[in-house]
1. In the chain, what % of DSSP beta bridges are antiparallel (nearest 5)?
2. Working out 0.36 nm times the residue gap between F79 and E55, then minus their Cα-Cα distance, what length gain in nm do you get to one decimal?
3. With only Lys, Arg, Asp and Glu charged, each at its Cβ (+1 for the first two, -1 for the last two), find how big the charge dipole of the chain is about the Cα centre; round to the nearest 20 debye.
4. Helix 29-42 against the longest principal axis of the chain: what's the angle in degrees, Cα atoms only, rounded to the nearest 10?
5. Starting from the Cα of T25, step 7 Å along the direction of its Cβ; do the same at M1; then give the gap between the two resulting points in nm.
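Taken together, the values in this text are just the output of simple stated rules run on the coordinates, not laboratory data. Computed from a predicted structure; not experimentally measured. Cβ atoms come from the backbone with ideal geometry, glycine included; neighbour counts cover every protein chain shown.
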Amino acid sequence: MPPAVEAMIRGVEESVHIQVFVTPTCPYCPLMATAAHRFALINQNITADVVEAVEFPELAHRYRVMTVPKTVINDEVEFEGVIPEREFAEFLLKAVGVEENVPLPDE
């Protein structure tokens, strides 16, 4: 993980709940699941759950999962697909109310 991204994640002071919806056959899901858990390992304020969409249809329906991976942060911010860790961190900061256009240190 780039140091700038790690610094962003370490700076989160509020509770964050990340849910990554996956399916067993998706080749891209492990990338987002791993990134979410990596964020949780870096900062104790972050929890990450990987939810198998077929096994938990009520959650998949609640979050309108139509494609995987789908990531939901604090029930507020969500996105689909695989994205770079830096962009993932920016979504996480948005979920805790940090300005979207905050200049970030270069990597």
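1. Counting only bridges with both partners in the chain, antiparallel ones make up about 55 percent.
2. On the way: separation 24, 0.36 × 24 = 8.64 nm, distance 2.05 nm.
This chain segment gains 6.6 nm when fully extended.
3. Using Cβ point charges on Lys, Arg, Asp and Glu, the chain gives about 240 debye.
4. 40 degrees
5. 3.2 nm
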